[in-house]
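Let me begin by presenting the structure, written as structure tokens, before commenting on it.
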Amino acid sequence: MYGRLKFLVIVAFVFSSRSWLKSQSFEPHIGFGAVSELRDSNGVSVADYDLDGDMDIFLVSIHKFQQGNSQTWSRLIRNNGQGKFEDVTEESNLFFQNGTLRKGWMGDRMGASWGDYDNDGYPDLFLSNDGLDELWHNEGNGQFKNVTYGSGTNGCLDCYSSNGLWWDYDLDGDLDLYVSDWLKKNRLHRNEGNGTFVDMSEFAGLDDEGNTWAAIPIDINRDTFPDLYVVNDFGESRLFINSGNGKFSDSTRYYRLDNLGDGMGIDVCDYNGDGNFDIYVTNIYDRLPNPFFVGSEEGIFTNRASELGIENTGWGWGARFFDADNDLDEDLYVVNGMKVINGRGDQNVFFENEDGVFNNISQSLGVNSISIGRGLEVFDYDNDGDMDMLVGNRGTNLVLYKNKIIQTDDRNKNWIQIELEGTESNKNAFGSTVEINLRGKRYYRHYSGANLFGQSIKPIHYGLAHHDFIDEISVTWPSGKKEYFPSVSANQLVKLIEGDSKLYSTNLLLGIDDSNKLINIYPNPFENQITCNFSEKISETLNFSILNTLGQIVYDQILQKTHSATLDLSNINLRSGLYYYQFKSGKNTITGKLLKR
């Protein structure tokens, strides 16, 4: 039985080239404005805070807030949807930032974690600090309200909160909060559903005393309940298995997830497409190499970092797996560094995944900067179908790299982005597993949004290579329910809602609304001809056009007053894939999708 699907189609961005990823580059985005002059960042995270359809950014300054020194401000940066950004920190009310901080060696402020803790549809924001933490509620009008003290999430003056993790550990449908602390015990705050949180750290057994930088939830034993892998500095990282009764047990060695290095960053992927998720941790290489724990059907992990050549990134911090070149597998970018002396230091590293083999192509891409990289996020800031990279640095400016990877002539580098919305599960659907089927081969993504120094709410991205259609999408929601969604064409942003049966389609470029039933076009998908039937005889002359995904007209025809018209398209050289139809009469326009076999 198929689940329910809600589409939101965005502008497809299709190029052709004779070059592969390794001969292309990421380009620092010069349109980032005055924000690009900001220095000394820790966390960088993204969410569509104003629900206007594009990803906005929160940047964490490491410095204690000083009203007269704008370089000490953490910033909310609004994406205007046209490749430009504007600083809305003051008008959003986030200008009044916490001044009750200590002086930490890693900075006064650490992370920014987006999560809709009250399930009202608007992303809220948790800020982890050296000192008291902050919880900001999104009021839905472009402004935020500081609700820290009423919520019970303020932490303590001598806490050193490195990261906040939103997750639904008890599967009651709302997001709980796990705070990693580099000095004190970690804290688990259970969401009571009324705007308040209760400290369950000791009861749950999650009051880990390690020097924790980050934590990530993943269902290791596949019993639906999310387990937790905690990344510790100066000691052992630990895996806690969720018993389902509110308590956790340390099972690190049983699952062979031992890491005794100086663990800092973490991310999850399925690098070889076998359906078993893998875990990567960044260490300080001179003390212990980075581990890459590869999952198995039996649930036991094997460290294959050295074998795959991704064990050495210097002094590692943030890490992200993503399909940079839309070729179906996930690549890896890691930001690094502790000191830069006379132009020497650790370089950021990009590993290209070629059929399960990783190659260091950082230099050829131009993303191997020597800096003190800290936070990292990848997201499609310009809605063109490929993933861009945002790097927070210390001692130098932050960098937004625009993905300039273009497609080859003979293999379309298609893509799909999938936005999830839970109903029975938490609104952000954190903890979901997404699976797509391409001609019998399946590809998997684990969705938590979690990262070092932050957490993001963003669509799940798949590169689709030359595939024009996805045969099937399935989502295993945090509730444990698995739903199947039917075939969908490439180069779209689709929204899947847990338990929703309605079908909508909107193209932001063409103004498409398929809910209009005045016109029936068949067959769709088509081969050599289409027939347009109208629910009533049209009384005016219509201009009928077919447009490609760039909005270019590839077929144009005048239709006279009629109930039905059959159009011969055999003489048009149209490649298989997605197109759009458009009927115009004066100022009136009706648009929709067409698929060419």
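The values are calculated or read from the model by the stated rules, or taken from the named source; none is laboratory data. Since the model is a prediction, treat every value here as computed from it, not as a measurement. Please note: Cβ atoms are built from the backbone with ideal geometry, for glycine as well, and neighbour counts cover all protein chains shown. SASA here: full protein model, heavy atoms, side chains in, ligands and nucleic acids out. Shrake-Rupley method; radii C 1.70, N 1.55, O 1.52, S 1.80 Å.
The figures follow:
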{"read-out": "Per residue value of the accessible surface for the chain (all protein chains in place, 1.4 Å probe), Å²", "value": "38"}
{"read-out": "Extension gain from residue 557 to residue 370, taking 0.36 nm per residue of separation minus the Cα-Cα distance", "value": "61.6 nm"}
{"read-out": "Whole-number percent relative contact order across the range 237-351, with pairs defined as alpha carbons under 8 Å at least 6 apart", "value": "18"}
{"read-out": "Fraction of the pair-distance distribution of the range 271-312 above 14 Å, Cα-Cα pairs, percent", "value": "45"}
{"read-out": "Residue-level accessible surface for residue 556, protein heavy atoms, 1.4 Å, Å²", "value": "90"}
{"read-out": "In Hz, Karplus ³J(HN,Hα) per residue of the range 278-287 (6.51, -1.76, 1.60; θ = phi - 60°; x = Gly, Pro)", "value": "10, 10, 10, 10, 8, 10, 8, 4, 4, 9"}
{"read-out": "Accessible-area value, residue 405, 1.4 Å probe, nucleic acids and ligands omitted, Å²", "value": "20"}
{"read-out": "Whole-number percent relative contact order across the chain, with pairs defined as alpha carbons under 8 Å at least 6 apart", "value": "16"}
{"read-out": "Estimated vicinal HN-Hα couplings, Hz - the range 484-493 in sequence order (Karplus 6.51, -1.76, 1.60; Gly, Pro = x)", "value": "10, 10, x, 3, 9, 7, 6, 6, 9, 9"}
{"read-out": "Ranking by accessible area, most exposed first, for 116, 258 with a 1.4 Å probe", "value": "258, 116"}
{"read-out": "Dipole-positive endmost among 390, 521, 457 within the chain (Cβ charges, Cα centre)", "value": "521"}
{"read-out": "Largest to smallest accessible area among 156, 269 [probe 1.4 Å]", "value": "156, 269"}
{"read-out": "Set 404/458; 84/596; 561/593 screened for pairs whose C-alpha atoms are more than 30 Å apart", "value": "84/596"}
{"read-out": "Rounded to the nearest 10 Å², the accessible area of residue 268 at probe 1.4 Å", "value": "10"}
{"read-out": "Cα Rg, Dmax, the chain, angstrom units", "value": "24.5, 78"}
{"read-out": "Solvent exposure ordering (accessible area, 1.4 Å, most first) of 476, 148", "value": "476, 148"}
{"read-out": "Global geometry of the range 252-395, whether rounded, prolate or oblate, following the gyration tensor of its Cα atoms and the 1.5 cut on a/c", "value": "oblate"}
{"read-out": "Over the chain: helical MRE at 222 nm, DSSP H runs n ≥ 4 each giving -39500 (n - 2.57), nearest 500", "value": "-500 deg cm²/dmol"}
